[in-house]
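Structure first, then comments.
The values are calculated or read from the model by the stated rules, or taken from the named source; none is laboratory data. Note that this is a predicted model, so its numbers are computed, not measured. As a convention, Cβ positions derive from the backbone with ideal geometry for all residues, glycine included, and neighbour counts pool all protein chains shown.
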Amino acid sequence: MDEASQTALRVALLAEKCEREKFRALLESEGMEVVLDDSFELPLPGILNGAEVLLVDMSGRSDRFQVQDVLDQSPVPVLLNQGGIGSSAIWHRRLVGKLQTLADRSVPEAGRNVYHSRPDLRVVPGQGSKSDEAPWLIVLGASMGGPGAVARFLQALPGDLPVVLLLVQHISALHQDLLVEQLDRCSDWPVALLGEEQTFAAGQVWMVSSESRIEMDADGVVRHSGKSWNSAHRPNIDAVLTSAAETFGTRCGAIIFSGLGQDGSLGCATIAEHGGFVWTQNSESCAIASMPEAVRRSCNVDFSGTPEQLAQVLVTRCQSASASIN
């Protein structure tokens, strides 16, 4: 076996027969090795022939429970693809980038993590409910191209920071549980969908539901309001950022990732007005850059960078805050 084949990313592919040949041609043209080429059937075959990542094409498939079985059974990270294979070069690059991120191929060979079976949901207990003891609240806003960027950000972030991450991702209610599953796999940060009432605790990622607006208080308690979002964007990033700014003030920050449109620009301006920080993913690393670019037009942005750079700056900020307290 030559050196190229030894280092090629090994992909297992589950898709209907009419799509498999197209996906195989695309993956192989990008230097990847398709080690399994099969239809969508359970149980999964063995250890997927040594694959590092599993690509599942969901075209025409609505059985969520069967998809959940795939997520539970797969010994490797899973990428779910909706809508068949795209025709544009941008779509191809995004697919390749997501596969590389999930397979931990975005870092040198010596620095890769060894993937293990998915742990149970991890929820870090809180350290107190008083507002002056509450951890920082960092709102992550994302839309198209956001899940891959957020995954990279979480992978680069140590799990012991004194912050709560609140993810506001434009997504339909049908797919939000699956996104939570995928993000929960990819790092030391536990990821869960917000319930009817939760208390914020450091070291946790909460994802805002697309079905109900939320309300926060200064003790770090967040609740479903029972009211729908007054916006075409569900959930609405502007609404969450405004609430966070008014509740947490200087102990709040916003990071806006890849996305289409301007949702988040008004909310980020409110965050800045209340003394919080605003960061964005840089345009070069975005799948779609219009959302972070709208934020940069609306207010002063303290920092822009790749998801990995954003993670490092957050680590540095937390270290500086800890040193000033001590």
> Quick one: in the range 300-314, which of the residues that are buried (at least 18 other Cβ atoms within 10 Å of the Cβ) and not hydroxyl-bearing (Ser, Thr, Tyr) is nearest to the chain's Cα centre (by Cα)?
Replying inline: Pro307
> In the range 126-143, what residues are modelled with pLDDT under 50 and more than 16 Å from Ser243 (Cα to Cα)?
Replying inline: Gly126, Gln127, Gly128, Ser129, Lys130, Asp132
>> Return the residues of the range 165-191 that are closer than 20 Å to Ser212 by Cα and over 12 Å from the mean Cα position of the chain (by Cα); say none if nothing qualifies.
In response: Ser172, Ala173, Leu174, His175, Asp177
> Inside the range 212-230, can you point out the residues that are surrounded by 14 or more Cβ atoms within 10 Å (Cβ to Cβ), under 22 Å from Gln176 (Cα atoms) and not charged (D, E, K, R)?
Replying inline: Ser212, Ile214, Met216, Val221, Val222, His224, Trp229
> Among all residue pairs at least 6 apart or on different chains, which show Cβ distances below 6 Å where the first residue, located in the range 291-306, is free of Cβ contacts under 8 Å to residues at least 40 places away in the same chain and at negative phi and the second is surrounded by fewer than 18 Cβ atoms within 10 Å (Cβ to Cβ) and among the aliphatic types (A, V, I, L, M)?
Replying inline: Phe303/Val313
>> Between Ala254, Ala287, Ala294, Ala269, which is under 20 Å from Gln169 (Cα atoms), of a type in the set (A, V, I, L, M, F, W, C) and touching a Lys or Arg at 6+ places or on another chain (Cβ under 8 Å)?
In response: Ala287
> What is the number of the single condition among (1) surrounded by fewer than 17 Cβ atoms within 10 Å (Cβ to Cβ); (2) under 21 Å from Trp189 (Cβ atoms) that Val240 does not meet?
Replying inline: (1)
>> If I filter the range 147-155 for residues that are surrounded by fewer than 22 Cβ atoms within 10 Å (Cβ to Cβ) and either in a loop (DSSP other than H, G, I, E, B) or at pLDDT below 90 (or both), do I get at least one hit?
In response: no
>> Please count how many residues of the range 229-281 are under 24 Å from Pro162 (Cβ atoms) and of a type in the set (S, T, N, Q).
In response: 7
